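Reading through the structure tokens given below for one structure.
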Amino acid sequence: MAAEIGAPLVFVEQVHSADVHVLPAQDAGPGRGTGPAGEPGPVVRADAIVTDRTDVALAIMVADCLPVLLSDPVAGVVAVAHAGRRGLLDGVLEATLSEMAALGARPADVTASIGPSICGACYEVPEQMREDAAAHLPVTASRTSWGTPALDLRAGAVSVLQDAGVPAEAIDADHPCTLEDERFFSYRRSAVTGRFAGVLRRG
Ligand SMILES: [Zn+2]
């Protein structure tokens, strides 16, 4: 994929946190967590990566969780975030936007893509978990297509991004459900599964 994109991919060790890894400046070299397969793996623990660099591509791994790709083309700042239930509720998207802002980005200029992820009609959770999530983010309360409590993390992410100032028309959440669409890995569909990546590079 790095050869296809023409730049090394930067990964992080994802831990379902709200921690954001901001890449060092371009003259500092590719940095930790970078390299083609076979080289040492990511050593930075974080669930989002932010950069204004053009010489690397950012990659976030998912299988049901939300891969959120953010870009401010005016300031030239990009980010990828892994937003699962915990990260979303703990504020990983707010933290990512905040680090983007530190590099000059403005929410009003940000476009967002919430990639393939489990949908609100499939992500079944215990009733108490739905209540706890809805206490923080009311729009996440959902119901499965078979009538049990569920969470709509995409609606939650859209709500968080809009509250932070990202324009509604700049948010694209219209992507397949990973549980329903077998082209994608889904942890819920098969406990032993792979991951796919959301990848973004500043142009
Ligand atoms: Zn679904």
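Computed from the coordinates by the stated procedures, all read-outs in this text should not be read as laboratory data. No experiment lies behind these values; they were computed from the predicted model shown. Ideal geometry is used to build each Cβ from the backbone, glycine not excepted, and the neighbour counts take in all protein chains shown.
Key figures
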quantity	calculated
Mean projection area, nm², convex hull over Cα of segment 2-201	11.1 nm²
Where no second cysteine Cβ lies under 4.7 Å, the cysteines concerned in the chain	Cys65, Cys122
Angle between the chain longest axis and helix 127-136 axis [Cα atoms, degrees, rounded to 10]	50 degrees
Student exercise, segment 108-157 dipole from Lys, Arg, Asp, Glu Cβ charges, in Debye to nearest 20	120 debye
Estimated FRET transfer efficiency when R0 is 30 angstrom, pair Arg188-Ala168 (beta carbons, to 0.05)	0.60
Ranked list, fewest to most other Cβ atoms within 10 Å of each Cβ, for Phe196, Phe184	Phe196, Phe184
Segment 87-169, Rg to Rh (Cα coordinates; Rh as Kirkwood inverse mean 1/r)	1.03
